[in-house]
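J.: Here's a structure for you.
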Amino acid sequence: MMKWKRLQIVAALLVCSLLLAACGGKGDNAGTTAGNTPAVSNSASEKVKLRVMWWGSQPRHEATLKALELYTEKNPHVTFEPEYSGMDGYLDKLSTQAAAHNEPDIIQMDPGWISDWTSRNQLEALDGKVNLADLTPSLLPIGQKDGQQYGVPLGSVAFGMIYDKAALEKMGVAAPQYGWTWDDFFALAEEVKPKLAKGQYFTLDYAGNYFMFSAYHYAKGKGTLITEDGKFNIDEATFLEWTKKFEQLRNDGLIPPADLNASDKEMDPTADLLVNGKVLFRYSFSNNYTTWDSMKEGAFDLISMPRAEEAGGWLKPSMFLSLSPNSKHKEEAAKFIDWFINDPEAGKILGTARGVPANAKIAESLIPNLSEGEKVGMQLIDATTPDGQTFTTGPEGWVNFIDKDFPLVRDELSFGRTTPEQAYESLKKAAQEYE
């Protein structure tokens, strides 16, 4: 299996030794389009309203709205119609709009969706419309198809775990250390078992979670769940080992009952089971730490994804901005995307809300003013960089397997409606439709 090639610019950001060399030429292209046209336009231009859609947490919403306000201040003829929400239901809503050719002009896209959307000609090529010169080169390919750029990367993040540091300290249990293993993870569950309060659990039910199982599958040296050429690649023994470990956690009362587990809403202050003290561990990306910290300051910490024979976590582009082919204002929309990723003022407002900025110059400018919470996220990136796994969005045509078929099996396992053996056969059968 190929290892993740180190993101040199991100790593350099953390140690501040190579970044200047990675920033490219000496010319300052920030805030310009590919043709060096200033992002600020003539206020006498035709009035334009751009629809912009994204998902995220409240801090991301607030930062993005502030950036939109600044852009309108600089470009009075451009106003925005923002559409934002949490991740739940986002793709369904966007897909419905796209089917009716009524999607927003500018769309925040997950890396895993790009290949399917480009295969259906649902994204506009951005080459020549947006200046990509200062973006981390290794983040660009996933947003491409046939050499053209359909998604502009906004940042990079590391996949790890967040845990309730305050709760572990209260129990007298040592916190995990970077480099810990899956054996350590399951041993820790046993250690905290007699110390859990009533209604408190070790972690969420991840028996059928695609991303957590991917991390375990990677760590066991079994590669991706789906090969790049579109073949089902889940190792049966590894799947059964994983799901039976969670079956034992379920039987031991170390993961929430199915109905409580299903009620969890990530980063929702009223429904997130970590925030509410119901679970001690859950998966997280490095850029999400500040949101959780804002809800219970100082209570949480990040840790790398457990490893086994190999690393379990990975680095990935956080998300992309894309342009709708049905937009009636493609030129203005592209100018905005260019400004969003390249302008220093925009970068200062947006901070690390979408991960370490993909623009190396913007990333460097943020270093002196990083909050303590943002530094915690940087530590996870730093720990994941040396041998993190290869991130892949998977081959075209498998989005529904990941977003529909896998969650169905997840729920059936959680509610006890299927066995690990039956769950594996269900996934294997479902995969036949996509191969």
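Let's see how each residue does on (1) without any contact (Cβ under 8 Å) to a residue 60 or more places away in the chain; (2) closer than 30 Å to Lys74 by Cβ; (3) under 18 Å from the mean Cα position of the chain (by Cα):
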site: Lys348; (1), (2), (3): yes, yes, no
site: Ala358; (1), (2), (3): no, yes, yes
site: Gln389; (1), (2), (3): no, no, yes
site: Thr392; (1), (2), (3): no, no, yes
site: Val399; (1), (2), (3): no, no, yes
site: Val409; (1), (2), (3): no, no, no
site: Tyr424; (1), (2), (3): no, no, no
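J.: Ok, one more. Across the range 62-111, what is the total count of residues that are open to solvent by less than 20 Å² (accessible area, probe 1.4 Å) and under 19 Å from the mean Cα position of the chain (by Cα)?
T.: So the answer is 9.
J.: Right, another one. Could you tell me whether any residue of the range 271-283 is open to solvent by 50 Å² or more (accessible area, probe 1.4 Å) and on the phi < 0 side of the Ramachandran plot?
T.: Scanning the range 271-283, I find at least one residue that is open to solvent by 50 Å² or more (accessible area, probe 1.4 Å) and on the phi < 0 side of the Ramachandran plot, so the answer is yes.
J.: Test Asp259 against the criterion of being over 21 Å from Pro176 (Cβ atoms) and of a type in the set (Asp, Glu), and give yes or no.
T.: It is true that Asp259 is over 21 Å from Pro176 (Cβ atoms) and of a type in the set (Asp, Glu).
J.: Still on this structure, please answer the following. With respect to Gln432, determine if the residue is over 16 Å from the mean Cα position of the chain (by Cα) and within 20 Å of Ala215 (Cβ to Cβ).
T.: Answer is no for this residue.
J.: Can I ask one more? Hey, among Ala383, Ala360, which residue is among the small types (Gly, Ala, Ser) and touching a Leu at 6+ places or on another chain (Cβ under 7 Å)?
T.: Ala360
J.: Taking the range 133-182, which residues are open to solvent by 60 Å² or more (accessible area, probe 1.4 Å), within 21 Å of the chain's Cα centre (by Cα) and at pLDDT 95 or above?
T.: Scanning the range 133-182 gives a single hit, Tyr178.
J.: Can you list residue pairs whose Cβ atoms sit under 7 Å apart, with the first residue in the range 185-202 being closer than 12 Å to Gly253 by Cβ and the second being open to solvent by less than 30 Å² (accessible area, probe 1.4 Å) and not aliphatic (A, V, I, L, M)? Count only pairs 6 or more apart in sequence or on different chains.
T.: Partner pairs satisfying both residue conditions: Ala189/Phe202; Val192/Phe202; Gln200/Gly277; Tyr201/Pro256; Phe202/Phe281.
J.: Looking at (1) closer than 21 Å to Tyr90 by Cβ; (2) touching an Asp or Glu at 6+ places or on another chain (Cβ under 7 Å); (3) modelled with pLDDT of 95 or more, which is the one condition that is false for Glu396?
T.: (3)
The values are calculated or read from the model by the stated rules, or taken from the named source; none is laboratory data. Please read all numbers here as calculations on a predicted model, not as lab measurements. Neighbour counts run over all protein chains shown; Cβ positions are idealised from the backbone, glycine included. Just so you know, the surface numbers come from the protein's heavy atoms only, side chains and all, with ligands and any DNA or RNA stripped out. Shrake-Rupley method; radii C 1.70, N 1.55, O 1.52, S 1.80 Å.
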